[in-house]
1. What number of residues within region 74-104 are under 16 Å from Pro64 (Cβ atoms) and assigned to a loop (DSSP other than H, G, I, E, B)?
2. Taking the residues in region 64-92 that are under 15 Å from Ala114 (Cβ atoms) and either in contact with a Ser or Thr (Cβ under 7 Å, 6 or more places away or on another chain) or aromatic (Phe, Trp, Tyr) (or both) as candidates, determine which candidate is surrounded by the most Cβ atoms within 10 Å (Cβ to Cβ).
3. Output the qualifying pairs, or none if there are none: Cβ atoms under 6 angstrom, residues six or more apart or on different chains, first residue in region 66-87 and in contact (Cβ under 8 Å) with a residue 60 or more places away in the chain, second residue part of a loop (DSSP other than H, G, I, E, B).
Amino acid sequence: MKRKYRIIFTALPIFISIATIGTYFGIQFLNQKEESSHLDLEINDSGNKTDNENSNFSKFKIFPELNENQFYKYIVIESGEPVLNDNFISSVINYVIKKIQISDGHVEWAYKYADDKKQSVSISFKWVAKMQKKNYSRTYIFKILKSV
C-alpha cells in the first residue's frame, strides 16, 4: 500500500511539470504565429480607360475580384524573410486570366516589384476588345505586412 502512494506522489509532480512545460511552449508557438506576416491586397482601377463609357462592358464584369487568402500559400521564405517570388506572380496571373468573363479580345499583363526585397508587387492587366476598340485595365497590388 505504501508503495502505491509513493508511485502516485512521485508521478503526480512529474505529470504536472510536463503539463506546465507543454502549456508554456504551446502558448509561445501560438504567439509566434500571430506575429507572423500576412498578405494585403489593394485593387487599383484608376487606370481604367475606354473609348466609349456607355458600353455594355464593365471592368467589374471583366476582371475577377481577388482575395489575398487565395494566394497566401504561394508566399516563400527566403533568408528568413517572406517574399513574393515568380511562382506567386504566375499563380495570380493564371488565376486572373482563367476567371476573365469575356472571350472577345486579348489580355496583356505586366508586373513590377515596388522594392528590392520583393515584399510588394503590382500586377497590371489590360483587356483590349478586338472589334469595338475598347480597353480596360486593372492593377492588383499585393503587399506583405508585418503584424505586431
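Readers should treat all values here as calculations from the given coordinates under stated rules, not as data from a laboratory. Bear in mind the structure is a predicted one, so any value in this text is a computation, not a measurement. Methodologically, a virtual Cβ is constructed for each residue, glycine included, from the backbone with ideal geometry; neighbour enumeration extends over all protein chains shown.
1. Residues that pass the stated criteria total 4.
2. It comes out as Phe88.
3. Going by the 6 Å Cβ cut-off, the qualifying pairs are Pro82/Ile75; Val83/Lys118; Leu84/Lys118.
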